[in-house]
Amino acid sequence: MIIDTTMLSRIQFGFTVGFHILFPTFTIGLAVFLSIMEGIWLKTGNPIYLKICQFWTKIFALTFGMGVVSGIVLAYELGTNFGPFINIAGGVIGALFVYEVLAAFFLEAGFLGVMLFGWDKVSPKLHYVATIMVALGTLFSALGILSANSWMQTPTGFHIEAGRYVVDSWWAVIFNPSTIPRFLHMAMASLLTTCFAIAGVSAWYLLKGRHLDIAKPCFSFVLGAAVLIAPMQVFLGDIVGLKIYEYQPLKTAAIEGNWRTQKGAPLILFAIPNSQQEKNYYEISIPKLASLINTHHWDGKLLGLKSVPPSERPVVGATFWMFRVMVGIGFLFLFVALFALWRNWRGQLYSSNRFYRLCILIAPLGFLSTIAGWMVAESGRQPWIVYNLINISQGASIVPFHQVFISLILLIVVYGIIFSFYLFYLFKLIRKGPTALLLHESVADVITETPFKYLAPEGK
């Protein structure tokens, strides 16, 4: 691999995106979780739910701030490192980014202050409206970004005029063939990642015997939610896979490590792809299963990587392995959720320190799976920026090598510092746990402690 300016620009942008995506993933899931918990509190009046909301709102605020800080750089990187691409497709991409900022980020920012600081200043119902608006804002923001990225994967709704892309139909641009499946897949990934992050924190409290009043309901709720979300994610992943097979068959070939066009292609569980030799080493496979998964037919035809010149092939190794990391973690979450359901049925959800330790151990894996999924999407699209229309060499700026190199090093250092501060304050909040409740005067005098009915039996 030759590390030239273009490759360095790609590495820089990939690093920035990979770092940034950690935080929107968590804020989307937390915002939905907080909306549900606050709704239950308003319905039941049980202060335990309010305590849960106020504790996790602090973590949401910290994560939201990190998402804003880490995302600012992305727009500048596009303009400086990929100027020709923006010059050609800016009429499409730029407008989608503006939509994301105006319709989504402003919605979040407008209600965020009420959500964070309004517990004792506005009525509970108004505060709940603010929480719902912030949650919707995170989802709208994800839709804006996913529509832009999906348009780059499956471009529609435009024509070329004087070398630039002009929109014919915004509906076709925003809701291109892959937007909705990929948006739902990302939303479910955020929810599932958040479920196991919350489960990990709750398991740590349970293991230490601290804050059991919030740890038990959070633990049982998120694991119960994961029982529903994980199978939905598998189903949505299958739909995304069908879209990839239809519109980006070479990405499917890279995912499957399939070098030659064939019917009844095997599912390769393990292999070491070699792009130079155009073959896989140490291959372990199941006959015909790749064709069944990607075409829903045993003898479905899969395009091979050898069908195009090497210069037009995706990054095979990264696409192949990151897909297996993503899917492996997803199925691990599914099995853990089902195991939790079984333990709950037996009345043993809160009786195993080993299970608590397992939940703590796998808590960060959802973030790794999300990054792996984005690597599959992006490395599998290469060498195209806009699929089959603009390749990397056409879209990259001519920037001195040392400038890109120095800025990459600075980004790594700065992001490392702010991420260290984030982890420090995150763990500090977790160790401290929930604090005294903040209540508006309309409920402060009438709310009373009531026995909390856990969502699962305590066991022995």
Between residue 68 and residue 403, how many nm apart are label points set 7 Å from Cα along the C-beta direction?
3.0 nm
Would you work out the charge dipole size for region 191-390 about its Cα centre, treating the Cβ of every Lys and Arg as +1 and the Cβ of every Asp and Glu as -1, and quote it to the nearest 20 debye?
460 debye
For each of 131, 179, count neighbouring Cβ atoms within 10 Å of the residue's Cβ, then give the residues from fewest to most.
179, 131
Report the per residue volume, in Å³, of the convex hull enclosing the C-alpha atoms of region 28-167.
110 Å³
Mean separation of Cα contacts under 8 Å (6+ apart) over length of the chain, as relative contact order %:
22 percent
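Just tell me the longest site-free run in the chain, where the sites are GluC sites (Glu not before Pro) in a DSSP loop having at most 15 other beta-carbon atoms within 10 Å. The partial results should precede the final answer.
On the way: sites that count: 278, 449, 458.
For GluC sites (Glu not before Pro) (loop position, at most 15 other Cβ atoms within 10 Å), the longest site-free span of the chain is 1-277.
Can I get the semi-axes of region 174-300's equivalent ellipsoid? Compute them from the C-alpha gyration tensor as square roots of 5 times the eigenvalues, in angstrom, largest first.
Values: eigenvalues 287, 72, 31 Å².
Listed largest to smallest, the semi-axes of region 174-300 are 38, 19, 12 Å.
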Quick one: if you take sqrt(5λ) for each eigenvalue of the C-alpha gyration tensor of the chain, what semi-axes come out, biggest first, whole angstrom?
40, 28, 20
Would you mind computing Rg(Cα) / (2.2 N^0.38 Å) for region 191-390, counting N as its residues?
1.21
Alpha carbon centre of region 329-356 versus region 193-270: separation in Å?
16 Å
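Quick one: length gained pulling residue 234 to residue 263 fully straight, 0.36 nm per residue minus the C-alpha distance? Before the final figure, lay out the partial values.
Details: separation 29, 0.36 × 29 = 10.44 nm, distance 2.42 nm.
Extending this stretch completely gives an extra 8.0 nm.
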Residue 42 and residue 103 label points (each 7 Å along its Cα→Cβ direction) are spaced in nm at 2.5 nm
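Suppose R0 equals 25 Å; then what is the FRET efficiency for residue 170 and residue 394 from their Cβ-Cβ distance, rounded to the nearest 0.05? Walk me through the numbers on the way to the answer.
Values: r = 25 Å, r/R0 = 0.99.
The computed FRET efficiency comes out at 0.50.
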Phi-based couplings in Hz for region 340-351 (Karplus 6.51, -1.76, 1.60; Gly and Pro marked x)
5, 4, 5, 5, 5, 4, 8, x, 10, 5, 10, 10
For Cα pairs less than 8 Å apart in space and 6+ apart in sequence, what is the mean separation divided by the residue count of region 44-159, i.e. the relative contact order in percent?
27 percent
Derived scalar couplings ³J(HN,Hα) [region 205-219; Karplus, 6.51 cos²θ - 1.76 cosθ + 1.60; whole Hz; x for Gly, Pro]:
4, 5, 5, 8, x, 10, 6, 5, 5, 9, 5, 5, x, 5, 4
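Which of rounded, prolate or oblate describes region 1-69 when judged by the alpha-carbon gyration tensor and an a/c cut-off of 1.5? If you can, show how the numbers build up before the last one.
Numbers: a/c = 6.41, a/b = 4.32, b/c = 1.48.
In terms of gyration-tensor shape, prolate.
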Most exposed first by the Cβ proxy, i.e. fewest other Cβ within 10 Å, how do 346, 10, 354 rank?
354, 346, 10
Report the full-extension gain for the segment residue 276 to residue 426: residue separation times 0.36 nm, less the Cα-Cα distance, to one decimal in nm.
49.5 nm
From the gyration tensor of the Cα coordinates in region 147-218, what semi-axes in whole Å does the equivalent ellipsoid have, largest first, with each one equal to sqrt(5λ)?
46, 9, 8
Once the in-chain neighbours fewer than 8 apart are removed, the lysines whose Cα is under 23 Å from residue 263 read 243, 251, 279, 288, 301, 306
Region 191-390, relative contact order in percent, only Cα pairs under 8 angstrom and at least six apart counted:
29 percent
Determine the dipole magnitude for the chain: charges of +1 sit on the beta-carbon of Lys and Arg, -1 on that of Asp and Glu, nothing else is charged, the reference point is the Cα centre, and the result goes in debye to the nearest 20.
1300 debye
Hey, what do the phi angles of region 274-287 turn into as Karplus ³J(HN,Hα) couplings, whole Hz, using 6.51/-1.76/1.60 and θ = phi - 60°, x for Gly and Pro?
10, 5, 6, 7, 6, 7, 10, 9, 6, 6, 10, 9, 10, x
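Only the coordinates and a few stated rules stand behind these numbers; no lab work does. Predicted model only: the values in this text are computed from it and were never measured. Cβ sites come from the backbone with ideal geometry, for glycine too, and all protein chains shown count toward neighbours.
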